[in-house]
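**Student:** The structure follows.
The values are calculated or read from the model by the stated rules, or taken from the named source; none is laboratory data. No experiment lies behind these values; they were computed from the predicted model shown. Don't worry about glycine lacking a Cβ; one is built from the backbone with ideal geometry, like all the others, and counts go over all protein chains shown. All accessible areas refer to the heavy atoms of the entire protein, side chains included, with ligands and DNA or RNA removed. Shrake-Rupley method; radii C 1.70, N 1.55, O 1.52, S 1.80 Å.
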Amino acid sequence: DLYLDDNNLNGVLPSEVGNLKGLTKIDVSRNGLNSSLLHLGDSTSYSYLNISHNALTYFPFGTSWTKLQTLDLSYNDIHQEIFVNISDLSSIKELILSNNSFYGSIP
């Protein structure tokens with residue numbers, strides 16, 4: 001597990017985070033991250049991602065996050081369409097997207 005919440009991190013989360021094997025929980029909430037986090041990749045091991053309260057403008061929804069139970073993207077500056085079919089996130093229990101600018105229909 002990786003907990004870096006409320007640490008005044010700014011800019012980009014290091015790409016090495018996406019290469020950590022067996023990582024199931026990531027909490028980088030309450031920082032100043034503005035990278036799209038493309039390097040999180042499509043790891044099938046994630047069960048919890050909290051990236052709330054940052055400055056993201058884009059988020060790359062993973063299509064193989066089959067174990068993901070919680071995804072919190074609230075309070076960012078995300079302005080994009082949701083392009084992953086929510087049913088592909090088969091284990092999702094909490095999907096928190098509030099206070100962003102998502103648009104389009106939910107697939």
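**Student:** Tally up the carbon and sulfur contribution to the accessible surface of the chain as a whole percent, 1.4 Å probe, everything protein left in place.
**Tutor:** The C+S portion of the solvent-accessible surface of the chain is 48 percent.
**Student:** Once fully extended, how much extra length lies between ASN7 and SER64, figured as 0.36 nm per residue of separation less the alpha-carbon to alpha-carbon distance?
**Tutor:** Here the segment from ASN7 to SER64 would lengthen by 17.6 nm.
**Student:** Suppose we flag trypsin sites (Lys or Arg not before Pro) only when DSSP calls them loop and at most 14 other Cβ atoms lie within 10 Å. Which is the longest uninterrupted stretch of the chain? Present the calculation step by step, with values, prior to reporting the outcome.
**Tutor:** On the way: sites that count: LYS21, LYS93.
Formally, the longest exposed-site-free interval is 22-92.
**Student:** Here's another thing I want to ask about it. So if the hydrodynamic radius of the range 39-107 is defined as the Kirkwood radius over C-alpha pairs, what does Stokes-Einstein give as its diffusion coefficient at 37 °C and 0.692 mPa s, in µm² per second?
**Tutor:** After rounding, the answer is 271 µm²/s.
**Student:** I've got another one for you. Which net charge results when you count Lys and Arg as +1 and Asp and Glu as -1 among the other residues whose beta-carbon is under 9 Å from that of SER29?
**Tutor:** Cβ neighbours under 9 Å give a net charge of -3.
**Student:** Something else about it: So what's the net charge close to SER101: Lys and Arg +1, Asp and Glu -1, counting the other residues with Cβ under 15 Å from its Cβ?
**Tutor:** In short, -2.
**Student:** Could you tally the net charge around LEU49, taking each other residue with its Cβ under 9 Å from the Cβ of LEU49, Lys/Arg +1 and Asp/Glu -1?
**Tutor:** Numbers: positive: LYS25; negative: ASP27, ASP72.
That sum, taken over residues with Cβ under 9 Å, equals -1.
**Student:** Solvent-accessible area of VAL12, probe 1.4 Å, all protein chains present, reported in Å² to the nearest ten, please.
**Tutor:** 90 Å²
**Student:** Check each of the chymotrypsin sites (Phe, Trp or Tyr not before Pro) in the range 46-101 and keep only those in coil by DSSP with at most 13 other C-beta atoms within 10 angstrom; list them in order.
**Tutor:** When the chymotrypsin sites (Phe, Trp or Tyr not before Pro) of the range 46-101 are filtered for loop state and at most 13 Cβ neighbours within 10 Å, PHE83 remain.
**Student:** P(r) for the range 1-88: what percent of alpha-carbon pairs falls in each 5 Å bin, starting at zero?
**Tutor:** Cα pair-distance distribution for the range 1-88, in percent: 3, 15, 26, 29, 19, 7, 1.
**Student:** Given a 10 angstrom Cα cut-off, can you work out which residue in SER87, SER43, SER15 is the most mobile in a GNM of the chain?
**Tutor:** SER87
**Student:** In addition: With a 1.4 Å probe and all protein chains left in place, how much accessible area per residue does the chain have, in Å²?
**Tutor:** Accessible area per residue, the chain: 52 Å².
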